[in-house]
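The structure appears below as structure tokens.
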Amino acid sequence: MSHTASESLFGSASGRAVSKANGAGGGMRVNLSVNARRVLEKRYLRKDHSGRIAETPEDMMRRVAHNIAQAERVFDPSADLPKWEERFYAMMCRLDFLPNSPTLMNAGRELQQLSACFVLPVDDSIESIFEIIKNTALIHKSGGGTGFAFSRVRPRNDLVSTSHGLSSGPLSFMNVFNEATEAINQGGFRRGANMAVLRVDHPDILDFITAKDDQRRLTNFNISVGITEDFMRRVERDEEYEVVNPRTNTPTKKLKARKVFSAIVEQAWKNGEPGIVFLDRLNRDNPTPKIGAIESTNPCGEQPLLPYESCNLGSVNLRNFVENKRMDFERLEQTVHMAVRFLDNVIEMNRYPIPMIATMTKGNRKIGLGVIGFADLLLELGVPYDSEEAIDIAEQVMRFINEQSKVASRQLAVERGAFPNFKDSTFAARGSTPLRNATTTTIAPTGTISIIAGASSGIEPLFAVCYSRNVLDNETLVESHPYFEQLAKDRGFHSETLMQEIARRGSLHNVREVPEDLQRLFV
């Protein structure tokens, strides 16, 4: 996008939008779709002892805003709590920002566990493994997801000196984790989710790669191979590499790197797993290498964490910041700053499942501000998702959010102090201005909160312009993207028959009733 074109699309929008951001939230009502209300009623809204819904969506927003505002008094005994509560409430009611699901579910309630992402260490002993299974159950019960690296567990058929037997290997223990997860329904809201990472140089790597060939196995796990740069260079050169027993730290055999890589590709093509995690690359951006190495991520892979770290996420709804085909950066800046403050408050208000998680989380104070509604943003701007212009817009918007989140974190550091491990961080080594949070951004899938906001999920394209939703056994509803439906009515080609045909086809391609410019835009 040229500089001139950029200026025409991006800039301060109308004063109406800016003043709207500063309004009080006391009497605000949240504008929700039927689907959003159903999701909230099923999973999020407080229920009484008989299972009846005991709060409205506005009550939920108020409960969360009130609870998170209490953190202000931790740092300033004279803080104006009603002011911060109203600001947080208004931001959520406008659906400009939503925190991750555990915060919406648990803030101001008995559990008070507010984080979505955790990574726990798995060491090479029965005692460690079953202690971590217990901790995993506590996390899943409260609505969080967990990531593990099983790379320190000795391989299958290795010696167990205490019993003079042979070890069962990391995959057998993954099955135990999987069954424990199956037994724990997350606080009645959703089932547990796990990520398992195994280094590519572990002796059991080939068994791990094919572990989900039978898709009835490990149903509560995503799995990813921990790739090293040395391995990738050997793939390029078609060389062998050594696999190493983690118990003895000695090589046990050699494998052909291309054969292993081809097995990963074959399985990923076949059923989507395993994924790959570039461990060396992750650790080059590890802000606190003196505190520990990154060895795994949360279940969806967006948040690399140290062992015992947790991270709370939230997302800005990009579609809400378009006015008259222009991006309102002034209001977006206000919302990013408010969201960073909100998420930092969450760290204080969180009730952590185990003490080690509290220590690590408060030491680095990682937050993950991301986005929802990127595809909707492009539609509002009239830009096709699969265009160079869309890439330019993505770069500009996310650069702005990233930079402003760091500005907000620096301002909070002045007000509240830097994150405690800052002195041992790469920021301090570079002479950076102190930050309140070791990380500030994350691009998450946002599956459920995007439904609540009525927005496209994360940075993904539209799943479909029109689609059929089975509501009851004998009822099917055709749903259309609201902006497409509006344009179809404005331009005079809307009909229920056409919407049903588009839902049946799955796209607008070659639907002659739809103008070509809209076929190009709604990909």
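The values are calculated or read from the model by the stated rules, or taken from the named source; none is laboratory data. What you see is a predicted model; the values in this text were computed from it and never measured. So basically every Cβ, Gly included, is an ideal-geometry build from the backbone, and we count neighbours across all protein chains shown. These accessible areas exclude ligands, DNA and RNA; they are computed on the full protein's heavy atoms, side chains included. Shrake-Rupley method; radii C 1.70, N 1.55, O 1.52, S 1.80 Å.
Values for this structure:
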{"read-out": "Peptide ranges 460-468, 381-389 listed from the most packed, as the mean C-beta count within 10 angstrom indicates", "value": "460-468, 381-389"}
{"read-out": "Tail fraction, Cα-Cα pairs, the range 162-289, threshold 16 Å, whole percent", "value": "68 percent"}
{"read-out": "Nearest-0.05 FRET efficiency for residue 42 and residue 111, computed from C-beta distance (R0 22 Å)", "value": "0.80"}
{"read-out": "Diffusion coefficient, µm² s⁻¹, Stokes-Einstein with Kirkwood Rh over alpha-carbon pairs of the range 65-155 at 10 °C and 1.306 mPa s", "value": "102 µm²/s"}
{"read-out": "Quotient of C-alpha Rg and 2.2 N^0.38 Å, computed over the range 223-303", "value": "1.21"}
{"read-out": "Rel. contact order, % - alpha carbon contacts under 8 angstrom, at least six apart, the chain", "value": "15 percent"}
{"read-out": "Positive-end extreme of charge dipole, the range 345-476 - chosen from 382, 464, 404 (charges on Cβ)", "value": "404"}
{"read-out": "Length added when fully stretched, residue 252-residue 497, from 0.36 nm per residue minus Cα-Cα", "value": "81.7 nm"}
{"read-out": "Radius 13 Å from Cβ of residue 205, net charge of other residues (Lys, Arg +1; Asp, Glu -1)", "value": "+2"}
{"read-out": "Angle between the chain longest axis and helix 257-271 axis [Cα atoms, degrees, rounded to 10]", "value": "40 degrees"}
{"read-out": "Cross-link table 212/366; 134/406; 134/366; 366/423; 42/362, entries beyond 27 Å C-alpha to C-alpha", "value": "212/366; 134/406; 42/362"}
{"read-out": "Sparse-neighbour loop sites [chymotrypsin sites (Phe, Trp or Tyr not before Pro); the range 215-287; at most 11 other C-beta within 10 Å; DSSP]", "value": "none"}
{"read-out": "Share of carbon and sulfur in the accessible heavy-atom surface of the chain [1.4 Å probe, %]", "value": "51 percent"}
{"read-out": "Probe 1.4 Å, accessible area per residue of the chain, Å²", "value": "45 Å²"}
{"read-out": "Square roots of five times the Cα gyration tensor eigenvalues for the range 101-249, Å", "value": "31, 19, 13"}
{"read-out": "Quarter of Cα convex hull surface for the chain, i.e. mean projection, nm²", "value": "28.3 nm²"}
{"read-out": "In degrees, nearest ten, helix 57-69 long axis to first principal axis of the chain (Cα)", "value": "60 degrees"}
{"read-out": "DSSP-defined antiparallel bridges as percent of all bridges, the range 194-267, nearest 5", "value": "50 percent"}
{"read-out": "Proportion of all alpha-carbon pairs of the range 323-420 beyond 21 Å (%)", "value": "45 percent"}
{"read-out": "Spin-label model distance (nm) - residue 160 vs residue 359, 7 Å beyond Cα toward Cβ", "value": "2.9 nm"}
{"read-out": "Relative contact order computed over the range 57-121 (Cα-Cα under 8 Å; 6+ residues apart), in percent", "value": "32 percent"}
